[in-house]
Amino acid sequence: MILITGGLGYLGGRIANHLIKANKTILLGTKNSEYNLPNELINSEVIQLNLLKTSDIEFACEGITSIIHLAALNFQESQKNPTKASEVNNEGTYRLLQSAVQSGVKQFVYFSTAHVYGSPQKGDIDESTTPKPLNPYSMTHLEAEEHVLRFHSENSINGIVLRLSNAIGKPMDKDVNCWMLAVNAFCKQAIVNREIILNGDPNQQRDFIPISHIENLIDNLLDNSKVNYYGTIMNVGSERSLSILDLAKIICERCDLLFGFKPELIINEKYHQKRNKELNYNCKNYKNLNIPSDRTLEDEIDELLRFCKESFSSLS
């Protein structure tokens, strides 16, 4: 059985749906007592999992062979409450690893973040780049990474750290807390208001990866017959960097293609002439796995736009 912490979240829900389609037995851990369970996830079991409660963690690990650990306070929550961010993201991961080892869990896949390299990201970045965490969100993820690697080296559990760039794809449910993310916010604005407002620096570059590619990576990591990179850190991205402005333009073009209208782009004039250094988010270890995927960034954006149209058209 596979435990997905944060299993009803943005990325967790997508991974759970993917694994269910592959006939895997899934246990979804969520801190929320009230939640919507999408029809696609009906065949999975859901449990309360508060990373501040040892009893919840111990119960969740019973009978589990693999853990995909996604549960964490997001950037905004971590900024608002750094102490809780440390308790959940850092100490919660440590307690989960302890219980995982005691319960005989074999694999521990930890989703960290490219934010550990600093922000904004620029220049050449690979796994040897010195981390420069600048906020509670990235600091607590970096601390959790250290727990994963130490437990791998000292205990009989295969641990891996995935430093994820920016995932793009539709959520499993419209109430998932994901609409503060740039691409999701832009797609929702495009459908609801027929405009996209870029409040920050439109020239800032980021690496974007389709969620479907992450789903395929999970298949690979859970398959013991394949060469893997357990015990290491792996950057996970597309190695396709786009400025925020270029991303917004792509969304406008896809709207025009799908629905026959092009949202207005509204840019803060103070950033108009600014140019940022190119970003090269090197993911050679991930790329060396040669994981096939026939879905593109544009495919995921199209699906996200259709989801927004179906879910939010009544607001327009």
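The values are calculated or read from the model by the stated rules, or taken from the named source; none is laboratory data. Worth saying up front: this structure is predicted, and the values here are computed from it rather than measured. Positions of Cβ are backbone-derived with ideal geometry, glycine not excepted, and every protein chain shown enters the neighbour counts. When the accessible area is computed, the model is the full protein with side chains, heavy atoms only, and any ligands, DNA or RNA have been set aside. Shrake-Rupley method; radii C 1.70, N 1.55, O 1.52, S 1.80 Å.
On inspection, residue 142 does not qualify as closer than 25 Å to residue 280 by Cα, surrounded by 16 or more Cβ atoms within 10 Å (Cβ to Cβ), under 18 Å from the mean Cα position of the chain (by Cα) and touching a residue at least 40 places away in the same chain (Cβ under 8 Å). Does any residue of region 120-134 turn out to be among the hydrophobic types (A, V, I, L, M, F, W, C), over 21 Å from residue 214 (Cβ atoms), more than 18 Å from the chain's Cα centre (by Cα) and open to solvent by 30 Å² or more (accessible area, probe 1.4 Å)? Among the residues of region 120-134, at least one is among the hydrophobic types (A, V, I, L, M, F, W, C), over 21 Å from residue 214 (Cβ atoms), more than 18 Å from the chain's Cα centre (by Cα) and open to solvent by 30 Å² or more (accessible area, probe 1.4 Å), which makes the answer yes. Within region 13-43, the set of residues being open to solvent by less than 80 Å² (accessible area, probe 1.4 Å) and small (Gly, Ala, Ser) comprises 13, 16, 22, 29. Total residues in region 44-98 satisfying the condition of being surrounded by 19 or more Cβ atoms within 10 Å (Cβ to Cβ), touching a Phe, Trp or Tyr at 6+ places or on another chain (Cβ under 8 Å), without any contact (Cβ under 8 Å) to a residue 60 or more places away in the chain and farther than 27 Å from residue 223 by Cβ: the figure is 2. May I ask you to verify whether residue 305 is assigned to a helix (DSSP H, G or I), in contact with a Cys (Cβ under 7 Å, 6 or more places away or on another chain) and modelled with pLDDT of 90 or more? Yes; evaluated as a whole, the condition is true for this residue.
Tally up the residues in region 214-240 that are under 30 Å from residue 264 (Cα atoms) and either surrounded by 20 or more Cβ atoms within 10 Å (Cβ to Cβ) or of a type in the set (A, V, I, L, M, F, W, C) (or both), please.
2
Please verify whether residue 175 is of a type in the set (Asp, Glu) and assigned to a loop (DSSP other than H, G, I, E, B), treating the condition exactly as stated. Criteria met by residue 175. For first residues located in region 286-297 and within 10 Å of residue 220 (Cα to Cα), partners that are part of a loop (DSSP other than H, G, I, E, B) and lie 6+ apart or on another chain with Cβ distances below 9 Å form the pairs 289/226; 289/227; 289/228; 289/229. Of all residues in region 176-213, those being over 23 Å from residue 265 (Cβ atoms), open to solvent by 10 Å² or more (accessible area, probe 1.4 Å) and touching a helix residue (DSSP H, G or I) at 6+ places or on another chain (Cβ under 6 Å) number 1. Among the residues of region 185-193, not a single one is of a type outside the set (S, T, N, Q) and outside any helix (DSSP H, G or I).
Going through region 145-162 one residue at a time, which ones are open to solvent by 10 Å² or more (accessible area, probe 1.4 Å) and either under 27 Å from residue 267 (Cβ atoms) or assigned to a strand (DSSP E or B) (or both)?
Step one: of region 145-162, the residues open to solvent by 10 Å² or more (accessible area, probe 1.4 Å) are 146-147, 149-156, 158.
Across region 145-162, the qualifying residue is only 158.
Before we move on, is residue 173 charged (D, E, K, R), open to solvent by 20 Å² or more (accessible area, probe 1.4 Å) and at pLDDT below 90?
Answer is no for this residue.
Applying the condition of being among the polar types (S, T, N, Q), in contact with a Leu (Cβ under 6 Å, 6 or more places away or on another chain) and part of a strand (DSSP E or B) to region 1-52 and asking which residue is nearest to residue 72 (Cα to Cα) yields 5.
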